[in-house]
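A quick write-up on the structure given underneath.
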Amino acid sequence: MPGQYPYEKRYKYPHLKPKDIEIWERCLDKKSELYESVDYDVAVWTGYPIPDSTEENFAREFKILSQYKIDVVGYSGDNVEIIEVKPQAGPATIGQVIGYLKLYKAFINPSAKAQAVILTDAIKPDMALLAYEARVKIIIV
């Protein structure tokens, strides 16, 4: 299942904040062969229940806003990486990316050989041990 975009610099990265973009573009520069293609701002989960009386245009926007969004999904062959781009990554990021991995498998591709990945500029103390124990890959750029 290839991604919608080639793994290269773009003029815009949906959902990524300015600091996230700096980290992502450093990754693109330093690890140019990491992925074949990517998707950005991948919605998972159904979102919060919408009251029946909600107008259709508001209901659609509410659903979009209440869904969880994966920063980047990277594809290389049969491998899929669920990527959370986070400056100064801490322990909470591990739980976040594991949750996204589980939701990706539940809502998008149950049979994916998927890996949870944290892409960051720095990690907080003990993150390497915690990520190792949780089987989360950390990439520091």
For the chain, the percent of accessible surface on carbon and sulfur atoms (probe 1.4 angstrom, ligands and nucleic acids excluded) is 53
Restricted to the chain, the DSSP antiparallel beta bridge percent, nearest 5, is 55
Might you tell me the accessible area per residue for the chain, computed with a 1.4 Å probe and given in Å²?
59
Over its alpha-carbon atoms, the stretch 47-141 yields an Rg and a Dmax in Å of 15.8, 49
Ranked from highest to lowest mean number of other Cβ atoms within 10 Å per residue, what is the order of the peptides 99-108, 27-36?
99-108, 27-36
Once both label points are put 7 Å beyond Cα along the C-beta direction, the Tyr5-Asp78 separation in nm becomes 2.8
Karplus-derived 3J(HN,Hα), 6.51/-1.76/1.60, for each residue of the stretch 24-29, Hz, glycine and proline x:
4, 5, 5, 5, 4, 5
Highest mean packing first, using Cβ neighbours within 10 angstrom, the peptides 110-120, 129-139 sort as 110-120, 129-139
For the chain, what relative contact order do you get, as a whole percent, if you take Cα pairs closer than 8 Å and at least 6 residues apart?
23
Which of the listed residues, Thr93, Tyr104, Tyr132, is farthest toward the dipole's positive end in the chain, when Lys, Arg count +1 and Asp, Glu count -1 at the beta-carbon?
Tyr132
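The values are calculated or read from the model by the stated rules, or taken from the named source; none is laboratory data. Bear in mind that the values here come from a model prediction, so they are computed numbers and not experimental data. Reconstructed Cβ throughout: ideal geometry from the backbone, glycine too, with neighbour counts over all protein chains shown. Heads up: the accessible areas ignore ligands, DNA and RNA and are worked out on the full protein's heavy atoms, side chains in. Shrake-Rupley method; radii C 1.70, N 1.55, O 1.52, S 1.80 Å.
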